[in-house]
Amino acid sequence: MGEKRAEEVILQSPDIKKLWLLPSSIQLVAADTELPKMENGHFVIKEMLASVRDKYDYIFIDCSPSLGFTTVNVLTAADSVLIPVQCEYLALEGLSKLLNTIKLVKGGLNPELEIEGFVLTMYMRNRLNNQVAAEVRDHFGELAFDTVIQRNIRLGEAPSHGKPVMLYDASATGSVNYLTLAREFLKRNRKKVNKKQTE
């Protein structure tokens, strides 16, 4: 709402070196009703991040699964979108709405917006999950990350202990999956940078 600048509220993680957080609160729920009233309301997050953008290698903005005004604001500020897809058919139905929203934002508010990729999550080895995973891979091809995030009890337990899963249990399947995803993400981004430099 403009009461503070981003750099005034960013916190350094006490546990993870080179990780900074810009925390949220339950009051953010009101943003969907307040932001549309503001002048240039679609660009609030983009303008707020402008002063800190060049200070970090990557800025990840975690969104709720709703497609309200706040999510559109984030899409307007973002360079790309990393889309988690739960391995259930209902998730595929919601995916079409998200893709339509991304298309609309790209068509007007943020022409540079790209889809970073799709990450299959909540995966279990069963027929349904395998079918959903196959559909995502068939439809989106290389945009689907190779790494799959499996269902894991440690992923559910970690937040109740106030820790990221890597610090809660580094050997857990969820930790290994997310570290593998991070490596794949970095590898893909290095390829993009190299491609842009050669063009």
Query raised in the report: Say the dipole of the chain comes from +1 at the beta carbon of Lys and Arg and -1 at that of Asp and Glu; which of Pro14, Phe43, Ser66 then lies farthest toward its positive end?
Result: Pro14
Query raised in the report: What is the stretch 153-199's relative contact order, in percent, from Cα pairs under 8 angstrom and six or more apart in sequence?
Result: 23 percent
Report summary line: Extension length gain for Val193 and Met1 (0.36 nm per residue less Cα distance), in nm, is 65.7 nm
Query raised in the report: Counting alpha carbon pairs within less than 8 Å and at least 6 residues apart, what relative contact order, in whole percent, applies to the stretch 24-112?
Result: 29 percent
**Report entry** Of Lys106/Lys192; Lys55/Lys163; Lys103/Lys192; Lys17/Lys55, those spanning more than 23 Å from alpha-carbon to alpha-carbon
**Finding:** Lys55/Lys163
Query raised in the report: In Å and whole numbers, how far do the C-alpha atoms of the stretch 153-199 stretch along each principal axis, longest first?
Result: 47, 17, 13
**Report entry** Spin-label proximity, Ser66 to the stretch 25-57 - amide N less than 11 Å from point 7 Å beyond Cα toward beta carbon
**Finding:** 28-34
Query raised in the report: Which order do Ile149, Ile10 fall in if you start with the one that has the fewest other Cβ atoms within 10 Å?
Result: Ile10, Ile149
Report summary line: Hydrodynamic radius by Kirkwood for the chain, inverse mean 1/r across distinct Cα pairs, in Å, is 18.8 Å
Query raised in the report: Which whole-number percent is the relative contact order of the stretch 70-199 (Cα, under 8 Å, 6+ apart)?
Result: 21 percent
Requested in this report: Could you work out how far apart the two model spin labels at Ser24 and Leu99 are, taking each label as a point 7 Å from the Cα in the direction of the beta carbon, and quote it in nm?
Outcome: 2.5 nm
Query raised in the report: Where a Cα-Cα gap under 16 Å defines reach, which aspartates and glutamates qualify for Lys18, not counting those fewer than 8 residues away within the same chain?
Result: Glu7, Asp54, Asp57
Report task. Just order 75-87, 155-167 by mean Cβ neighbour count inside 10 Å, highest at the front, would you? Result -> 75-87, 155-167
Report summary line: Given unit charges at Cβ for Lys, Arg (+) and Asp, Glu (-), the dipole magnitude of the stretch 6-152 about its Cα centre in debye, nearest 20, is 340 debye
Report task. Can you work out the PRE-style zone for Glu47? Point 7 Å along Cα to Cβ, and I want the residues of the stretch 1-28 with backbone N under 16 Å. Result -> 1-7
Query raised in the report: When the helix-only estimate is applied to the chain (DSSP H runs of n ≥ 4, each -39,500 (n - 2.57), divided by the residue count), what is the mean residue ellipticity at 222 nm, nearest 500 deg cm²/dmol?
Result: -13500 deg cm²/dmol
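Bear in mind these aren't lab numbers, they're just calculated from the coordinates by the rules spelled out. All figures in this text were calculated on a predicted structure; none of them were measured in a lab. Quick reminder, even Gly has a Cβ in these numbers, built from the backbone with ideal geometry, and neighbours come from all protein chains shown.
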